[in-house]
Amino acid sequence: MASTVWKGYLSFGLVSFPVRLFTAARAEGIHFHMLHKKDLSRIKEVWYCVEEDKPVERTEIVKGYETGKGEYVVVEDEELKKVAPESSSSMEVLQFVESGEVDALYFESSYYVVAEEKQRKPYALFVSALAESKRNAIAKIVLHNREHVVLIRPFDGGLVLHTLFYANELRAGNRFKAEKTPYSGKELQMAKSLVTALTAPFDGEKFHDSYRENVAAMIEQKRKGQSVKAVKQPRRAAVIDLTEALKRSLKAVEKAPGRKTKVA
């Protein structure tokens, strides 16, 4: 059974109802252990006190905030609970926005919002109100020791919540502003034809992590004492003739297996 990430109330206006949050997605990958090269034994993480020059147990460790060089204020978990804002137990809708108004650049993590069994009616009403008005809700919530601004939207008959980055967390300095570059009308038309030809309904099941699969295959090869087979990498080169590259791309799409219609 999935574990509850957060439990509390969702409210808009004077309407409140209890909900739970469950993780909607989690990245998967190949995990490696750190080993001693000499005998392949597991390496243990050791917490070490620099002042006393000796290891310490986890029970001897406390949280500390550095207020100056070498100066700290110790903070206890109970003290953090005392200063937690209302959003630690209740999500109050601050406003509504048009569906699709918030750029995906702000999205951080996703959670399913599930209604408690005894309070399904206000939940269902809220879902329908959002869906029919084509709106998303903006609220605040304390999650993982941090207050998040969140976007709540209807999804498959229920609700999905996305934590959002704050504006100051977006790396504006890394943003690339493309300069206006001339291209011909013919090139644009061919590019649009290529986009149209490759357009299809999104199906998440079609995509998979090739790198993870290749690493898993490599590990199996080594386990069996086989040599590691290198994956052939495609040869890429900068486009010299853009028009010719577009023509070849369109022809390749036309010849793709299962394609019945000719690219316009």
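Any read-out appearing in this document is the output of simple, stated calculations on the displayed coordinates, not a laboratory observation. Note that the structure is a prediction, hence the values are computed from the model and not measured. For neighbour counting, all protein chains shown are included, and Cβ atoms are generated from backbone atoms with ideal geometry for every residue, glycine included.
Quick notes on this one:
- Taking every DSSP bridge with both residues inside the chain, close to 95 percent are antiparallel.
- For region 100-117, Karplus couplings with θ = phi - 60° (6.51, -1.76, 1.60), whole Hz, Gly/Pro x: x, 6, 7, 5, 4, 4, 7, 5, 10, 10, 10, 9, 7, 9, 10, 7, 5, 4
- From the coordinates of this entry, log10 I(q)/I(0) by the Debye sum over Cα atoms at q = 0.07, 0.16 Å⁻¹ is computed, and it appears in (1) -0.51, -1.25; (2) -0.23, -1.36; (3) -0.27, -1.11 under the label (1).
- Look at the dipole of the chain built from charges on Cβ: of 233, 47, 210, the Cα furthest out on the positive end belongs to 233.
- Cα centroid separation - region 134-171 against region 44-86, whole Å: 30
- In terms of surrounding Cβ atoms within a 10 Å radius of their Cβ, 91, 218 rank from fewest to most as 218, 91.
- Computed log₁₀ I(q)/I(0) - Debye formula, equal Cα scatterers, no solvent, region 131-225, q 0.12, 0.18, 0.25 Å⁻¹: -0.97, -1.05, -1.17
- Between region 183-227 and region 1-37, the C-alpha centres lie 29 angstrom from each other.
- Residue-count net charge about residue 76 - beta-carbon cut-off 15 Å; Lys, Arg +1, Asp, Glu -1: -1
- For region 92-160: rounded, prolate or oblate by the Cα gyration tensor [a/c cutoff 1.5]: oblate
- Dmax and Rg, reported as Rg then Dmax, of region 69-109 (C-alpha, Å): 17.5, 49
- With at most 12 other Cβ atoms within 10 Å, longest stretch of the chain clear of loop GluC sites (Glu not before Pro) (DSSP): 180-264
- Charged neighbours of residue 55, selected by a Cβ distance under 11 Å, balance to -2 (K, R count +1; D, E count -1).
- Relative contact order (percent, whole number), region 133-201, Cα cutoff 8 Å, 6+ residue spacing: 17
- More than 17 Å apart - percent of Cα-Cα pairs taken over region 10-82: 76
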